[in-house]
Every structure is written in structure tokens, then in C-alpha cells.
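Before any comments, here is the structure.
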Amino acid sequence: MTLTVPLPDAAPSNWVDRHAPVALRPWLKLGRFDRPTGIWLLMLPGWQGIALAAAQKGDWPNPLLLAEVFVGAALMRAAGCAYNDIVDRDFDAKVARTAGRPIPSGQISVRQAWAYLAACALVSFAILITLPPLAIALGVGSLALVAAYPFMKRITWWPQAWLGLTYNWGALLGYAAATGKLAWPAALLYACGIFWTLGYDTIYAVQDLEDDALAGVKSSALRLGPAAPRAVLGFYVAAFVFALAAAWWGGLGPLFLPPAALFGVHLSRQAARLDIGDGSGALALFRSNSLAGAVLFLALVAGMWKGPVSVL
């Protein structure tokens, strides 16, 4: 029987280590199911796109679409993590936080990881083809962003920006799934998500400053250094402004504003608390973005009540 080692950035009490059969743990960890924050951060832009499209019509988000995006995001995140680990297996072996991952630790072979990736992608594709044609095209198009992402840390100091392009593609896809088309509110929401991700993934990269420098891996946190907290605040201000612009252009109602303000406050508090010398604190701040994204989703849902005036 092979025992698996809890990854340093997974909660010690995560459900995989507590409850999953030992034989399944490496597979669940390959897909990062022991760390669900990434699932929420990939899923929530899709939910936000669906909510924005519905709010423009004064409707509730379609629950079936929300469910499809949830399952698809969980599976595509698992496939993306497997692909990332295949590509980065040599780098991961040199970084303390990632050395225990299933591939660099020898628990899962590269061939097995490719099979896992294919299975997750096929099920996701089966969900995708139930959506309108434009949404299907967007889903297929996202594969180029996913495929390029692991290489960004080798060629640019801003792989976090590429992750923003990738992780928030769901805002466009969700909007297209709900409406069959794209419009400026969706593009503005996508821009909001890009800057939001640039902020929270810079926070995440603070954990690996020393290891990344030794391994020759680039990141926005390394590039920014002590200026990272101020830069994160700037990224978050841009995200908040684009969220307001999406709501204004979409004609959402004034009830959007109170939860949107909470979204802005949450982001500003993250930037204020960021300490580049505190890796564990950075991880806690990163994880809190699940709540931030959920608050923005609720703000967009609330915008369906338009009343006598529109937002702003």
C-alpha cells in the first residue's frame, strides 16, 4: 500500500486525506480536488457570465446552466492541472511546495496522467456540446490558452496575466451559453476577471518566491518584489472598475451596488494585508477569493431587480 503525502498548500484536514480511499488519493490530488479553491475560481466567472446575461433580461440565472458550468469547470480544472504537472514535472521536483505532487513524487506516471487528462476532457466536451454553437466554439478555443499556460512562466514575468485570460474565459462562455451571442457587458466582465486573477495569482505566487528564483521560474510576484502589495491593489481597482462598467453597460439595477461594494472592500483588504515575507498568509488571502467571486456573482444576480433606475 502506497501512502501519499499531504501537499503543503492543501489544508491538513482536506477531505481527500481524511476520507478518500488511499488508492484514489494520488488521482484526486492530480486534479487538485484536495484544494477546491481553484475549482471555484474557474467556475465563478462562468456563473458570473450567466448571471449577467440573466440580469439584463430581469431573470434568474438558469440553474441547469449553472450546474453544467460547475461540473465542466471541476473536470477542466482537473485536466488542466494534470497537463500543467506533466509539463512542469521537472520544475515541480525542485520546489518544496510542489515536490510531493503525484507526478514528481512518482505516484502517477506521465502516461497515466495523459490518460486521466483525456478522460476529464472527454466528459467536459460531452457537456460542452449541449450548449449553443458560439459557446461550443468558445470552449474549444479556450484549449489554446490552456495549452500555452504552463510555458508562460518560462518566457514572461507575467504568467499570472495569462492565467487571467484563461481562467476567466468562462465569463464569455457562460454569457454565450445563456444568450447565444456576445456583447460588451460580457467583454467588460471578462476584463474584470483578468485583473482580479492577476491580483490573486500574484498573491498566490508569493508562496514560492525563493524556490521560483532558484528554479529559474518567472512570476509577477518575483518581478514586483516589495511593490507587489501596491501592484495588487492597482489590479484590484481595475477589476472593480470593470465590474461596475459591465453592470452599467448591461443596464443592471441599483441592487447590484451594495454587494459590489463588498466585493471591492474584500479585494482592498487583501491588498492591504499582503506581506511578501508571509507565504502562509498569502495562501489564506488567495483562498479568500472564492468568497470574493461569490459576492460578485450575487451582485450580478441582484442586478436583475431594476426598479425605476439602472445602476450608476
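Data overview
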read-out: Rough spin-label spacing in nm, given labels placed 7 Å along Cα→Cβ, for Trp60 and Trp15; value: 2.4 nm
read-out: Surrounding net charge for Val206, when Lys and Arg each add one and Asp and Glu each subtract one, Cβ distance under 9 Å; value: -3
read-out: Selection from Gln207, Ser268, Ala118 lying farthest towards where the dipole of the chain points positive, charges on Cβ; value: Ala118
read-out: For segment 23-302, with +1 on Lys and Arg beta carbons and -1 on Asp and Glu, the positive-most of Leu64, Pro226, Ala284 along the dipole; value: Leu64
read-out: Environment charge at Ser109 (Cβ cut-off 14 Å; Lys +1, Arg +1, Asp -1, Glu -1); value: +2
read-out: Semi-axes of the equivalent ellipsoid for the chain, Cα gyration tensor, largest first, Å; value: 32, 23, 16
read-out: Distance from segment 35-107 to segment 191-260 (C-alpha centre basis), Å; value: 18 Å
read-out: Degrees separating the helix 184-205 axis from the principal Cα axis of the chain, which is the longest one; value: 30 degrees
read-out: On Cα atoms only, tilt of 133-155 relative to the major axis of the chain in degrees; value: 40 degrees
read-out: Straight-distance crosslink candidates among lysines, where the alpha carbon sits under 22 Å from Lys94 and sequence neighbours closer than 8 are dropped; value: Lys29, Lys153, Lys218
read-out: Options Leu173, Thr156, Val241, ranked by Cα towards positive dipole end of the chain, top entry (Cβ charges); value: Leu173
read-out: Proximal charge balance of Gly303 [Cβ under 15 Å; K/R count +1, D/E count -1]; value: +1
read-out: Segment 23-302, dipole about Cα centre (Lys/Arg Cβ +1, Asp/Glu Cβ -1), debye to the nearest 20; value: 120 debye
read-out: Longest segment of the chain lacking trypsin sites (Lys or Arg not before Pro) that sit in a DSSP loop with at most 14 other Cβ atoms within 10 Å; value: 182-312
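All of the numbers you see were taken from the coordinates with simple rules; none came from a lab. Just so we're clear, the structure is a prediction, and the values are computed from it rather than from any experiment. No Cβ is skipped: glycine too gets one built from the backbone with ideal geometry, and neighbour counts run over all protein chains shown.
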